[in-house]
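**Student:** First the structure, which I've put down as structure tokens, then a few questions once you've had a look.
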Amino acid sequence: MSASLDRKNTQKLENFIIHRPSKTDLVEKNILKSSSTAPSLVATQLSLEKHQLEDTLVKDLIKRPTPQQLKQRGILKSGVELINPQAERVRRAQALAVNTAGSIGLANVVKSNLGPRGTIKMLVDGAGNLKMTKDGKVLLSEMQIQNPTAALIARTAVAQDDQCGDGTTSVVLLVGELLKQAERVVQEGVHPRVIAEGFEVAKKEALTFLDSYRQKPTLDRSTLINIAYTSLATKLHSSLAQQLATSVVDAVLSIKPSSNANDELLADPIDLHMVEIMKMQHKTDTDTRLVKGLVLDHGARHPDMPKRVENAYILTLNVSLEYEKTEVNSSFFYSSAEQREKLVESERKHVDAKLKKIVEFKNFVCDQQVDAKDKKNFVIINQKGIDPMSLDILAKNGILGLRRAKRRNMERLQLICGGTAQNSVDDLTPEALGYAGLVYEHTLGEDKFTFVEEVKDPKSVTLLIKGPNQHTINQINDALRDGLRSVKNAIEDDSLIPGAGAFEIALSAHLAGPVKKATKGRAKLGVEAFANAMLVIPKTLAANGGFDIQDAIVGLQEEQAEGHIVGLDLKSGEPFDPIVEGVWDNYRVKRHMLASCSVIAVNVLSVDEMLKAGRSAK
């Protein structure tokens, strides 16, 4: 009802302005007196009519609805709302506020996880299962994130982990701090595009500074252990991290391909898939160890087979030692029991012929005296099946046979023991055999594990994770994954970055000093915001360590101003030299972090309207 009255008043006002009568019309209608009338009377009438007209205009203007009221009443709509009446949108300053709030909220969630003094988050799924972790990738992957900007940042951080193996929490913190600093400048009247230009300048200078700041120490075993410990200590307690760091380094060095000193660019990359991670819920977490061999998650299927074999030849097969149905749909018809017996006998002869060749080959290569010290044993590891009768024949001939080995382990077996996998038992030669000094079966409850150890030069190894519960095993598994990637990155990059917040302190001083002075125009504001945002890493490290943030940052900046490479000691809260203490970060992690953070921040700053996309379910 009120909307219709408002429209009538508005139309009345418009008609009055358009059809406003002239002075002659007013005289003819006896509304306005002619000049012959007395001057005082004419003036009085004009003044009275003027006031009446002004009162009418003011009343009409007061009753005229605002654009916001028209939108609420459905009279005036935006372009998006005309296309889709159910569209949800946020515009201009509101969009920046929503994006900044989402990014800062996500940063506040993961902030307490950063560094070796970080806390642990407990994740509870719909079924009530618990998962405790401080790994940024696990946390961001399994959290339910509703805010679209926060989800975008989370995907960027997970991509950082997929590419580099570390730096997820740092990415989230930096993006949140960049948007927080940008919002402060925007509130002072600066256009977001100006801040974005400053971020672009700061990113280029930061990447250039990173190349000049990186160190190239000798990557010996002790340095690699320090690198692995720096990564593991952020996710595990100190004593376990120190123990696992040695195992991680030895595992990577074992699978590292021989490098060509003449051309390092053509060297083969390190394949971390050659490190098998086997989980065994048994004993404590400190019993986790490196096995320079292979651990299979199954054992022999015959009770009479040997459980422990020393000085053994290893034959890897991809041959079916059981009767299999044909690949096409076919069937056999027989009219009597005798015909069925003949059919079974013919099938058995086909498999027995293969077994006979294997036994003859075993006798040929293991033909020594019974009491000889270097007597060889024989082990078969088959990718396909072995039926019970075949297992019985192998057991009678003293052969340890394993069936249904995983395909990925067949390649590892050749890298560990040597030899070549065979697809046929015809024309077997000794060159196809591998060797292992010890093969034994370990039983844990109802589970069986087969260990292949004491090999000569393994190019594939196994990290055997032990723990009293599944939570501990998963936590160690996540930490080992990051530790392996950190050592791999260090070897391939052949360079390192001082850790403990040293790079961020140095970069902040570099951007706030010479870079800001060299930048012209209002882009300086973006450079300054970028420099201030870099301090979020050392600030968070100090806060998680329980130290005063301002005292820690001031101390670091004073030491850095004197030309020292300085980081934050989380044991004392004082500045220290991370190079001397062996605290290192990966070069590629920092480079990827700077590039991705600035890109996300610039894109979010450029958003002026948020629309709910997609079709309605109705």
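The values are calculated or read from the model by the stated rules, or taken from the named source; none is laboratory data. All of these numbers come straight from a predicted model, not from anything done at the bench. For neighbour counting, all protein chains shown are included, and Cβ atoms are generated from backbone atoms with ideal geometry for every residue, glycine included.
Matching residues to (1) in contact with a Lys or Arg (Cβ under 8 Å, 6 or more places away or on another chain); (2) of a type in the set (Val, Ile, Thr); (3) within 24 Å of VAL487 (Cα to Cα):
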site: LEU178; (1), (2), (3): no, no, no
site: ARG184; (1), (2), (3): no, no, no
site: GLY198; (1), (2), (3): yes, no, no
site: PRO217; (1), (2), (3): no, no, yes
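**Student:** Next question. Kindly establish whether LYS459 is over 25 Å from the mean Cα position of the chain (by Cα), among the basic types (Lys, Arg), closer than 30 Å to ARG412 by Cβ and part of a loop (DSSP other than H, G, I, E, B).
**Tutor:** Yes, satisfied.
Okay, residues lined up against (1) of a type in the set (Phe, Trp, Tyr); (2) crowded, with 19+ Cβ neighbours inside 10 Å:
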| residue | (1), (2) |
| --- | --- |
| LEU480 | no, yes |
| PHE503 | yes, yes |
| ASN532 | no, no |
| GLY546 | no, no |
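Residue-by-condition table, conditions (1) modelled with pLDDT of 90 or more; (2) assigned to a loop (DSSP other than H, G, I, E, B); (3) in contact with a helix residue (DSSP H, G or I) (Cβ under 8 Å, 6 or more places away or on another chain):
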{"residue": "ILE497", "(1), (2), (3)": "yes, no, yes"}
{"residue": "LEU511", "(1), (2), (3)": "yes, no, yes"}
{"residue": "ALA529", "(1), (2), (3)": "yes, no, yes"}
{"residue": "PRO538", "(1), (2), (3)": "yes, no, yes"}
{"residue": "GLN550", "(1), (2), (3)": "yes, no, no"}
{"residue": "ILE553", "(1), (2), (3)": "yes, no, yes"}
{"residue": "SER572", "(1), (2), (3)": "no, yes, no"}
{"residue": "ARG591", "(1), (2), (3)": "yes, no, yes"}
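**Student:** Answer yes if at least one residue in segment 122-130 is in a helix (DSSP H, G or I) and in the same structural domain as ALA206 (by TED's automatic domain parsing), and no otherwise.
**Tutor:** no
**Student:** From the list LEU464, LEU496, which residue is more than 24 Å from THR288 (Cα to Cα) and of a type in the set (A, V, I, L, M)?
**Tutor:** LEU496
**Student:** Right, here's the next one. Give the residue that is surrounded by the most Cβ atoms within 10 Å (Cβ to Cβ), with candidates limited to residues of segment 334-377 that are at pLDDT 80 or above and touching a Cys at 6+ places or on another chain (Cβ under 9 Å).
**Tutor:** ASN377
**Student:** For segment 403-421, indicate whether the set of residues that are in a strand (DSSP E or B), in contact (Cβ under 8 Å) with a residue 40 or more places away in the chain and not β-branched (Val, Ile, Thr) is non-empty.
**Tutor:** Looking through segment 403-421, none of the residues is in a strand (DSSP E or B), in contact (Cβ under 8 Å) with a residue 40 or more places away in the chain and not β-branched (Val, Ile, Thr).
**Student:** Are there any pairs with C-beta distances below 8 angstrom linking a residue in segment 504-517 that is assigned by TED's automatic domain parsing to the domain that holds VAL171 to a residue that is part of a helix (DSSP H, G or I) and among the basic types (Lys, Arg), with the two at least 6 apart or on different chains, and if so which?
**Tutor:** Once the first residue is assigned by TED's automatic domain parsing to the domain that holds VAL171 and sits in segment 504-517, its partners that are part of a helix (DSSP H, G or I) and among the basic types (Lys, Arg) give LYS516/LYS524.
**Student:** Counting only residues that are surrounded by 24 or more Cβ atoms within 10 Å (Cβ to Cβ) and out of contact with any strand residue (DSSP E or B) (no Cβ under 9 Å at 6 or more places or on another chain), which one in segment 230-244 is modelled with the lowest pLDDT?
**Tutor:** Taking segment 230-244 and keeping what is surrounded by 24 or more Cβ atoms within 10 Å (Cβ to Cβ), we get 230-232, 235-236, 244.
When the remaining residues are screened for being out of contact with any strand residue (DSSP E or B) (no Cβ under 9 Å at 6 or more places or on another chain), the result is 232, 236.
Working: LEU232: 90, LEU236: 87.
Filtering segment 230-244 for residues that are surrounded by 24 or more Cβ atoms within 10 Å (Cβ to Cβ) and out of contact with any strand residue (DSSP E or B) (no Cβ under 9 Å at 6 or more places or on another chain), the one modelled with the lowest pLDDT comes out as LEU236.
**Student:** Another question, then. List the number of the failed condition for GLN470; all other conditions in (1) over 26 Å from ASP352 (Cβ atoms); (2) surrounded by 21 or more Cβ atoms within 10 Å (Cβ to Cβ) hold.
**Tutor:** Only one criterion in (1) over 26 Å from ASP352 (Cβ atoms); (2) surrounded by 21 or more Cβ atoms within 10 Å (Cβ to Cβ) is unmet by GLN470, namely (2).
**Student:** Let me ask you something else. Mind counting the residues in segment 557-576 that are in contact (Cβ under 8 Å) with a residue 40 or more places away in the chain and under 30 Å from the mean Cα position of the chain (by Cα)?
**Tutor:** Counting residues in segment 557-576 that are in contact (Cβ under 8 Å) with a residue 40 or more places away in the chain and under 30 Å from the mean Cα position of the chain (by Cα) gives 6.
**Student:** Related question: Please determine, by comparing only the residues of segment 172-189 that are farther than 12 Å from LEU96 by Cβ and hydrophobic (A, V, I, L, M, F, W, C), which one is farthest from the chain's Cα centre (by Cα). Reasoning before the result, please.
**Tutor:** Quick first cut of segment 172-189, residues farther than 12 Å from LEU96 by Cβ only: 172-178, 181, 188-189.
Among the residues that remain, those that are also hydrophobic (A, V, I, L, M, F, W, C) are: 172-175, 178.
Values: VAL172: 11, LEU173: 14, LEU174: 16, VAL175: 15, LEU178: 20 Å.
Per the stated criteria, the residue is LEU178.
**Student:** Against the condition touching a residue at least 40 places away in the same chain (Cβ under 8 Å) and among the hydroxyl-bearing types (Ser, Thr, Tyr), how does SER346 come out, does it pass?
**Tutor:** Judged against the criteria, SER346 is not a match.
**Student:** Can you tell me which residue is nearest to GLN383 (Cα to Cα) among those in segment 276-288 that are within 26 Å of the chain's Cα centre (by Cα) and among the charged types (D, E, K, R)?
**Tutor:** Per the stated criteria, the residue is GLU276.
**Student:** Can VAL536 be described as closer than 17 Å to GLY176 by Cβ, among the aliphatic types (A, V, I, L, M) and touching a residue at least 40 places away in the same chain (Cβ under 8 Å)?
**Tutor:** The answer is yes for VAL536.
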